[in-house]
1. Give the distance, in whole Å, between the Cα centre of the stretch 121-137 and the Cα centre of the stretch 164-224.
2. Starting from the exponent 0.38 and prefactor 2.2 Å, build the expected Rg for the stretch 1-122 from its residue count and divide its actual Cα Rg by it.
3. Please state, rounded to one decimal and in Å, the Kirkwood hydrodynamic radius that the stretch 95-225 gives when every pair of distinct Cα atoms enters the mean of 1/r.
4. What's the extension gain from Gln65 to Lys17 if we count 0.36 nm per residue and subtract their Cα-Cα distance?
5. If each residue's Cβ is checked for other Cβ atoms within 10 Å, how do His73, His267, His164 rank with the fewest at the top?
6. If you put +1 on each Lys and Arg Cβ and -1 on each Asp and Glu Cβ, how big is the dipole of the chain around its Cα centre, in Debye rounded to 20?
7. Under a crude label model (7 Å from the Cα following the beta-carbon direction), how far is Gln3 from Arg203 in nanometres?
8. List the residue ranges in the chain for DSSP H helices whose C-alpha atoms run 20 angstrom or more along the long axis and whose Kyte-Doolittle average is 0.0 or above.
Amino acid sequence: MSQYGHLLNLPLRHAGKVRELYDADDGRILMVATDNISAYDHVLTTPIPDKGAILTQLSLWWFGQLGDIVDNHVASTDVPETVAGRATLVEALDMVEVECVARGYLTGSGWAEYQESQTVCGVPLPEGLRDGDKLPEPIFTPAIKAPVGEHDINVDYGTIAELHGLDLASELRDLTLTIYARAAEIAAERGIILADTKFEFGRRPDGTLVLADEVLTPDSSRFWDAELWEPGESLPSFDKQYVRDWLAKESGWDKASDAPPPELPEHVVDATRERYLEAYRRLTGAEFPGA
């Protein structure tokens with residue numbers, strides 16, 4: 001169900017966990033970022049104020065940093081006033097159904113797999129790594145989209161080659177790692193570790209591969225404070241891990257149950273919003289408008 005449809009009077013193409021897509025003029029798509037936040041495959045009932053605008057503006061900033069590496073899907077920021085700041089007009093692309101994940105550090109689902117097999121998505125890693133350790137070199141660890149409400153499925157590079165052909169698989173891998181390297185360098189200059197991130201790509205009619213959706217935001221990336229980073233101990237983040245931790249450790253909610261997650265208390269909402277704002281400030285060097 002859309003949040004902005006009644007304000008826009010445009011055909012709804014798709015309503016996801018966070019973004020709503022509407023058919024606009026000239027075959028373009030109006031992409032609107034809501035203030036929804038998701039965790040453990042649930043969209044929480046409590047929004048995070050300004051979150052959609054922060055994600056949109058941070059993505060636009062990153063697209064500007066990456067323009068010499070890859071084209072992006074943004075056609076215009078001239079959008080209806082009701083969604084100004086949180087929406088962009090984007091190209092309609094033939095999306096590649098692959099979550100292109102780059103990892104420079106071992107954590108999350110990669111850490112869980114490593115403890116069982118000493119690999120991540122089929123990539124062998126050295127012995128003795130801890131949660132949060134830097135990898136010898138960044139790795140491409142793709143995933144394929146699962147049905148709504150389920151986790152995306154981590155797969156190895158060979159699976160992507162089988163599904164999409166070796167040429168596209170290698171193009172996705174090389175572009176993902178190139179973008180990650182640039183972004184990690186930019187983040188490091190600002191005292192932030194880019195532990196991992198995911199990208200989505202689409203093709204234009206002429207076959208050009210284009211960077212799409214959001215990019216290098218706290219929703220699609222793990223950002224850590226470099227000064228406080230201690231592998232195996234402390235991994236203070238600027239992303240929604242704070243919400244996940246509250247749900248898992250303090251809320252009393254059993255994520256294995258059929259019960260929906262509880263509402264977020266005000267202090268969790270405020271602290272989460274501040275993490276998104278801090279990521280924006282640290283990365284762009286500017287205050288978020290209206291913060």
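Each reported figure results from applying straightforward, stated rules to the coordinates on display, with no laboratory input. From a predicted model like this one, the values you see are computed outputs, not experimental measurements. Every residue, glycine as well, gets a Cβ built from its backbone with ideal geometry; the counts of neighbours run over all protein chains shown.
1. 20
2. Computed over Cα atoms of the stretch 1-122, the ratio equals 1.25.
3. After inverting the mean inverse Cα-Cα distance, the result is 15.2 Å.
4. Once the chain is fully extended between Gln65 and Lys17, it gains 14.6 nm.
5. Going from sparsest to densest Cβ surroundings: His267, His164, His73.
6. So the magnitude is around 280 debye.
7. Roughly 3.4 nm, to one decimal.
8. On the way: long enough: 51-66 (22 Å, 0.58); 166-189 (35 Å, 0.37); 266-284 (27 Å, -1.03).
Those that clear 20 Å and a mean of 0.0 are 51-66, 166-189.
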